[in-house]
Amino acid sequence: MEQNLSLFYGLSFLTAILAFLYAAYLYLWVKKQPVRNARIQEVAALIKEGANTFMRREYRILAKFAGVIAVIIFLLLPSPVWNGSPLVNLSMAIAYLFGTIFSAIAGKIGIMVATHSNSRAAEGAKEGMKPAFLIGFRGGAVMGLLVVGCSLFGVAAVLMIAGDSSILLGFSFGASSLALFAKAGGGIFTKTADISADLTGKVELGIAEDDPRNPAVIADNVGDNVGDVAGMGADLFDSNVAAMASALVIAESLSDGGHHTISMVFCYAILGLLSSVIGIATARIGKNGNPTRALNSSTYVTTGIFLVLTALATAICPGFSWRIWGASATGLLVGVIIGITTDYFTDDTKPIVRKVAHASGSGPAFTILSGVSYGFISALPAMVGIAVSALIAYNLCAPIGEGFAIFGIAMAAVGMLSIVGMIISNDAYGPIVDNARGLAEMGGLGEQTIATADELDSAGNTVKAVTKGFSVGAAGLTVISLLGAFMSEANAALSQAEMELITGFDIMDPSVFFGILIGAAIPAVFSAMLILGVDKNAQRMVAEIHRQFQTIPGLKAGKKGVKPDYDKCIDIATSGALKELIPAGLMTIIATLIVGFVGGPRAIGGFLLGNITSGLLLALFMSNAGGLWDNAKKYVEAGNEGGKGSEAHKAAVIGDTVGDPFKDTAGPSINTQITVVSLVASLMSGLFVAFSLFG
């Protein structure tokens, strides 16, 4: 087995290096594309500077936070340092720090590539759809390849050096905790600027979305990068690591001592990354092609390649089980189905978005009512998909032996996330072309170029909604498998303490029910704290925009040579986001600890069940409602239902401003929140067994 594992470690490192080399090639290709327009160069430099300033300040705060957590981990985990082995505790603390560092690197490089790609995509739009699409997609692909390469390299390195999958939970917790704060901070920044720019520009003054007179316009473009590129990269890095970590922890506890199963996890992760590399390399669009179709077809190609490669590997490798392959394939196919149903609710060529746009003609109240209603309905197909895939995976793998049923669910999550390289490429494409659209307008590249950029941006919005549905689905399966990992860790501690082992969570047990009720409330409170952060910050920025329009002579009239103070708005968004990013995340961690120390491991099982169920529902509802409001606004702006400046347009913009923090701040952050509390529960399981009030 050791020899078998060494082979897969070696292949993991080689595949990750291949992904890094291909990412470097794509980055250099993007950099080679020309930027001739002086105004675009100037604005792109402002966006880059603003994004880097925010990231620097955010990472400085998060470095201090990570340092404090690393010390706590060293002192207490997996058992108090004065009772256990200092070396194991040190390994856990170092693995945690490595998780935060890898996650931060993924975000930082994503920002670097996105801020190079946006100006080049704007120039490319002058030449037509094809060059602009390729620049936007390849810029996003750099991020996709790096995130997945880093996660595979990091997991293989930690497991090879530590030789203990429990240490992987520390690595995963590092990735998750940084992702939680990066997603929350970036989300608050981006939506503060977006809401302020829309309400003052479009609704009050009736000026275009990226009119350079608007003081919030650069902050809005900076926000696309720090929220939708860096935050999203850290988020999906965390999901990928958590899926692999939970599968490996369960694999080690299996009835066959983990033989073959650990190799299968690495083999499928390697083939997933290779499939994404091939999918990215073959992504193409015709001269006047449809960018949405091109992005979606790349996803389907990658899915097909993965299924074929893993089937071949399962047939060739001794000891690989077809049942586990079936669980993995189920996860991936359900992920694609969730993406397709999300597309139905958020694509402006489909009836739902058009119904919301039509309702906007009767006023903003009807925009909100219809959007909320369809948002709730849209959660059902994805929730059913997650439930069905977990049920199929569980029953497929149960006959293999004890513990394999929950391993099947973990492998369904690994399967769903296997093509995450392509998913991130599609997702990062969105903010790049969104920025390109703004730069095309500010650079005065003409209506035709702006229209091309608009079409690319609309495709980005549609595909972004699909990728969010995909990542929420994957998070759902991952946290079910993390619940299995928690049971493995808790049972090891219970066995050592000679206490009764956990075989399941009975909701009639008052400890479990206590946990369920509190766990179900946490995602709602967490979301409210993030949305209130956006609300308070946006109010400050709106006041600043009004001040500038009133006090800078000639700004509102667009007098030549008169420029707004863009930096002031960037500073408001930055300081507000940094102030609000820690409390919400900290609240979820503290709540987990309180429930664990009060009710013990059974209460924590209930807490995780409640958190997973309500978290998935809220994440799907908010992501989809926000996406459909955004595309309803774009549908009206394209000349439908009265077009720009109409009452329907004003109502649709208000719907979009409500949806902004839903889809880009709270919704996607809930995935990470669920993962973080699951990992905290697993890491602290020994302490909950030893020191709980009613456990």
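The values are calculated or read from the model by the stated rules, or taken from the named source; none is laboratory data. Keep in mind that this is a model prediction, so the values were computed, not measured. Cβ sites come from the backbone with ideal geometry, for glycine too, and all protein chains shown count toward neighbours. To get the accessible areas, we keep the full protein, side chains included, count just its heavy atoms, and leave off ligands, DNA and RNA. Shrake-Rupley method; radii C 1.70, N 1.55, O 1.52, S 1.80 Å.
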* Asked: Taking the Cβ-Cβ separation of Ala315 and Leu369 as r and a Förster radius of 56 Å, what is the calculated FRET efficiency to the nearest 0.05?
  -> 0.55
* Restricting things to alpha carbons, find the Rg to Rh ratio for segment 132-202 using the Kirkwood radius for Rh. => 1.18
* HN-Hα J couplings of segment 516-530 from phi, Karplus 6.51/-1.76/1.60, θ = phi - 60°, integer Hz, Gly and Pro as x? -> 4, 5, 6, x, 5, 7, 4, x, 5, 5, 4, 4, 4, 5, 5
* Leaving ligands, DNA and RNA out of it, work out the accessible area of Arg57 with a 1.4 Å probe and give it in Å² to the nearest 10. => 80 Å²
* Asked: Expressed as a whole percentage, what fraction of the accessible surface of the chain belongs to carbon and sulfur atoms when a 1.4 Å probe is rolled over the protein heavy atoms?
  -> 66 percent
* Remind me, relative contact order of the chain in percent, using alpha carbon pairs under 8 angstrom and six or more residues apart? -> 21 percent
* Structure fact -> re segment 395-511: pairs of Cα atoms spaced beyond 22 Å account for a percent value of 57 percent
* Highest average packing first - 592-600, 630-638, Cβ atoms within 10 Å -> 630-638, 592-600
* **Using a Förster distance of 41 Å, the FRET efficiency for Thr503-Ile377 (Cβ separation, nearest 0.05)** => 0.65
* **Distance in nm between pseudo-label sites at Ser495 and Met587 (7 Å out along the Cβ direction from Cα)** => 3.9 nm
* Take the alpha-carbon centre of segment 616-640, take the same for segment 426-451, and report the distance between them in whole Å. => 20 Å
* Structure fact -> Along segment 146-156, Karplus-curve 3J(HN,Hα) (6.51, -1.76, 1.60; θ = phi - 60°) to the nearest Hz, with x for Gly and Pro, reads 5, 4, 6, x, 5, 5, 5, 4, x, 5, 4
* Take the Cβ-Cβ distance between Ala638 and Asn83 as r, set R0 to 60 Å, and report the resulting FRET efficiency rounded to the nearest 0.05. => 0.35
* **Å² of accessible area per residue within segment 160-229, as computed with a 1.4 Å probe and no ligands counted** => 16 Å²
* Residue-wise, which Karplus ³J(HN,Hα) couplings in Hz belong to segment 403-410, taking 6.51 cos²θ - 1.76 cosθ + 1.60, θ = phi - 60°, and x for glycine or proline? -> x, 6, 4, 6, 5, x, 5, 4
* Distance from the Cα centre of segment 272-339 to that of segment 223-254, in angstrom? -> 19 Å
* **Accessible area expressed per residue, segment 487-579, with surrounding protein chains retained (probe 1.4 Å, Å²)** => 55 Å²
* Asked: At Tyr344 and Leu90, where each label point lies 7 Å from the Cα along Cα→Cβ, what is the point-to-point distance in nanometres?
  -> 5.7 nm
* **Peptide ranges 472-479, 562-569, 103-110 listed from the most packed, as the mean C-beta count within 10 angstrom indicates** => 472-479, 103-110, 562-569
* Structure fact -> Amide H proximity to Gln33 below 5 Å, modelled H, separation 5+ or other chain, gives none
* To do: Tell me which label goes with the value of mean projected area of the Cα convex hull in nm² computed from the coordinates here: (1) 27.1; (2) 37.4; (3) 35.1.
  => (1)
* Radius of gyration and Dmax over the Cα atoms of segment 158-313, both given in Å -> 21.5, 68
* Asked: Hey, rough spin-label estimate for Lys64 and Glu447, points 7 angstrom out along Cα→Cβ, what's it come to in nanometres?
  -> 5.3 nm
* **Segment Leu7-Ala387, length gained on full extension (0.36 nm per residue, minus Cα span)** => 133.3 nm
* To do: Quick one: pull the percentage of alpha-carbon pairs in segment 243-386 with a separation above 17 Å.
  => 71 percent
* Structure fact -> The set of residues whose placed amide H lies less than 5 Å from the amide H of Val81, leaving out same-chain residues fewer than 5 positions away, is Leu76
* To do: Give the shape of segment 4-130 as rounded, prolate or oblate, defined through the alpha-carbon gyration tensor: a ≥ b ≥ c are the square roots of its eigenvalues, a/c under 1.5 means rounded, and otherwise the shape is prolate if a/b is larger than b/c and oblate if not.
  => oblate
* Structure fact -> Expressed per residue, the solvent accessible area of segment 231-377 in Å² (1.4 Å probe) is about 35 Å²
* Asked: Which value in deg cm²/dmol, rounded to the nearest 500, describes the helix-derived mean residue ellipticity at 222 nm for the chain, given -39,500 (n - 2.57) per DSSP H run of n ≥ 4 and division by the residue count?
  -> -29000 deg cm²/dmol
